[in-house]
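J.: The structure follows.
The values are calculated or read from the model by the stated rules, or taken from the named source; none is laboratory data. Since the model is a prediction, treat every value here as computed from it, not as a measurement. Glycine also receives a Cβ, built like all others from the backbone with ideal geometry; neighbour counts cover every protein chain displayed. All accessible areas refer to the heavy atoms of the entire protein, side chains included, with ligands and DNA or RNA removed. Shrake-Rupley method; radii C 1.70, N 1.55, O 1.52, S 1.80 Å.
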Amino acid sequence: MKNLMRKLFLFLFILLGVTEYSISEYDFSNEPIDIVIPCVKKDLPILRLCINGIKKNCTNIGRIIVISPERLTHNAEWFPESHFPFTIDDVAYYLLQENANLAKSFVAESNSRAGWYYQQLLKLYAPFVIPNISSNVLVVDADTVFLNPVVFTNSQNGGLYNPGTEYFKEYFNHIERLTDGLVCKLYPQHSGISHHMLFQRPVLEDLFNLIESIHNMDFWMAFCSMVDPSSLRSSGASEFELYFNFVMSRSKRVGIRKLKWENIRNPKELKKYKKKKYHYISCHSYQRVTKPKKRK
């Protein structure tokens, strides 16, 4: 019955000639924001700073939950990746258009991007999979550190979003295929990529229902299947761009507010950026300064 209703909804949507997804009055909650941090071992040098920065500078915060294959810290709750309804191998299978042999090879590649797509889906599914989690979930990249106070909702309990400047055309090609053209890039000057994102459950439910109605499969399967095979080893999809443009097109109760932030190379510079009133920094592993090996 649920799938039938979704198909009927989509049919009526197309029949009426709607070219943009209409405004929705979501039932946003003022309950505390739970934090979700997907993490792997390469980000352990920053994880402690990430958690401490959240505790000191983020307002209306509830639980802090790290998603990882094994427990990486005792400074936050741990939720195992194994409790999600898909594995990295499942994700690769649909990324490779259900070709099991190609999927196995893709996962085994040196510096494989399979894990990059996998962690995007962990973020999107966390509000549905983690027991008793808030309807307001702030997903934070494990290499991101908040340095000064930040709020994430407005007086209407709608999310506040910080725009980035990154632009990858394939992200929006993927969004167009995934949403059948119903969602597109709304702001020429803004990106949704800024290393954290407030996911609100009513919005995610709406997004999942739309995608599953269009493709007649689980959201995560559709998300993977719509990645262009030629972009698999580069940047073929973005969960943050998808959510950002979707929620901005669906609700007038959310808003954009600019934070002061920067990508940096050296985590030892945190005090300098805090003093300069930066709200947060991100220190990515592929850019991070590491100590040179001592000569024997």
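J.: What is the number of the single condition among (1) part of a loop (DSSP other than H, G, I, E, B); (2) open to solvent by 20 Å² or more (accessible area, probe 1.4 Å) that PHE28 does not meet?
T.: (2)
J.: Go through GLU170, GLU166, GLU205, GLU176 for me and flag whichever is surrounded by fewer than 17 Cβ atoms within 10 Å (Cβ to Cβ) and closer than 26 Å to LYS272 by Cα. Break it down into steps so the answer makes sense when it comes.
T.: Working: GLU170 fails: closer than 26 Å to LYS272 by Cα; GLU205 fails: closer than 26 Å to LYS272 by Cα; GLU176 fails: closer than 26 Å to LYS272 by Cα.
Result: GLU166 is the single residue among GLU170, GLU166, GLU205, GLU176 that is surrounded by fewer than 17 Cβ atoms within 10 Å (Cβ to Cβ) and closer than 26 Å to LYS272 by Cα.
J.: Follow-up. Exactly one of (1) in contact (Cβ under 8 Å) with a residue 40 or more places away in the chain; (2) out of contact with any Asp or Glu (no Cβ under 6 Å at 6 or more places or on another chain); (3) under 22 Å from TYR171 (Cβ atoms); (4) not small (Gly, Ala, Ser) is unmet by ASN111. Its number?
T.: Status for ASN111: all satisfied but (1).
J.: Let me ask something else. What are the residue pairs meeting all of these: first residue in segment 205-234, first residue closer than 21 Å to VAL247 by Cβ and among the aromatic types (Phe, Trp, Tyr), second residue assigned to a loop (DSSP other than H, G, I, E, B) and open to solvent by 40 Å² or more (accessible area, probe 1.4 Å), Cβ atoms under 8 Å, and 6 or more apart or on different chains?
T.: What qualifies is TRP220/PRO85.
J.: Restricting to segment 124-157, what's the tally of residues that are in contact with a Cys (Cβ under 8 Å, 6 or more places away or on another chain) and more than 25 Å from ILE281 (Cα to Cα)?
T.: 0
J.: Out of all the residues in segment 185-195, is one or more surrounded by 15 or more Cβ atoms within 10 Å (Cβ to Cβ), closer than 26 Å to SER230 by Cβ and not small (Gly, Ala, Ser)?
T.: Yes, that holds for at least one residue.
J.: Could you run through segment 95-134 and say how many residues are touching a helix residue (DSSP H, G or I) at 6+ places or on another chain (Cβ under 8 Å) and in a helix (DSSP H, G or I)?
T.: Residues meeting the conditions: 19.
J.: Follow-up. Would you point out the residue of segment 219-237, among those that are hydroxyl-bearing (Ser, Thr, Tyr) and assigned to a helix (DSSP H, G or I), that is surrounded by the fewest Cβ atoms within 10 Å (Cβ to Cβ)?
T.: Start the filter on segment 219-237 by keeping residues that are hydroxyl-bearing (Ser, Thr, Tyr), which leaves 225, 230-231, 234-235.
Pick out the ones that are also assigned to a helix (DSSP H, G or I) and you get 225, 230-231.
Values: SER225: 17, SER230: 9, SER231: 17.
Looking at the filtered set, the residue picked out is SER230.
J.: A further question follows. What number of residues in segment 6-56 are of a type in the set (S, T, N, Q), farther than 22 Å from PHE199 by Cβ and modelled with pLDDT under 95?
T.: Within segment 6-56, residues that are of a type in the set (S, T, N, Q), farther than 22 Å from PHE199 by Cβ and modelled with pLDDT under 95 number 1.
J.: Quick one: what pairs do we get from segment 65-89, first residue exposed (fewer than 13 other Cβ atoms within 10 Å of the Cβ), second not β-branched (Val, Ile, Thr), C-beta under 6 Å, 6+ apart or different chains?
T.: PRO69/GLU81; ARG71/TRP78
J.: Further, regarding this structure: Quick check: is even one residue across segment 38-53 among the β-branched types (Val, Ile, Thr), surrounded by fewer than 20 Cβ atoms within 10 Å (Cβ to Cβ) and more than 17 Å from ASN157 (Cβ to Cβ)? Before the answer, list the steps.
T.: The first filter runs over segment 38-53 and keeps only residues among the β-branched types (Val, Ile, Thr), leaving 40, 46, 51.
Now drop any that are not surrounded by fewer than 20 Cβ atoms within 10 Å (Cβ to Cβ), which leaves 40.
With more than 17 Å from ASN157 (Cβ to Cβ) added as a condition, the list becomes 40.
Scanning segment 38-53 turns up at least one residue that is among the β-branched types (Val, Ile, Thr), surrounded by fewer than 20 Cβ atoms within 10 Å (Cβ to Cβ) and more than 17 Å from ASN157 (Cβ to Cβ).
J.: Another one. Looking only at segment 93-145, count every residue that is over 21 Å from PHE240 (Cβ atoms) and either in contact with a strand residue (DSSP E or B) (Cβ under 6 Å, 6 or more places away or on another chain) or among the aliphatic types (A, V, I, L, M) (or both) and tell me the total.
T.: Number of matching residues: 6.
J.: Something else now. List the number of the failed condition for ILE211; all other conditions in (1) buried (at least 17 other Cβ atoms within 10 Å of the Cβ); (2) at pLDDT below 95 hold.
T.: Of the numbered conditions (1) buried (at least 17 other Cβ atoms within 10 Å of the Cβ); (2) at pLDDT below 95, the odd one out for ILE211 is (2).
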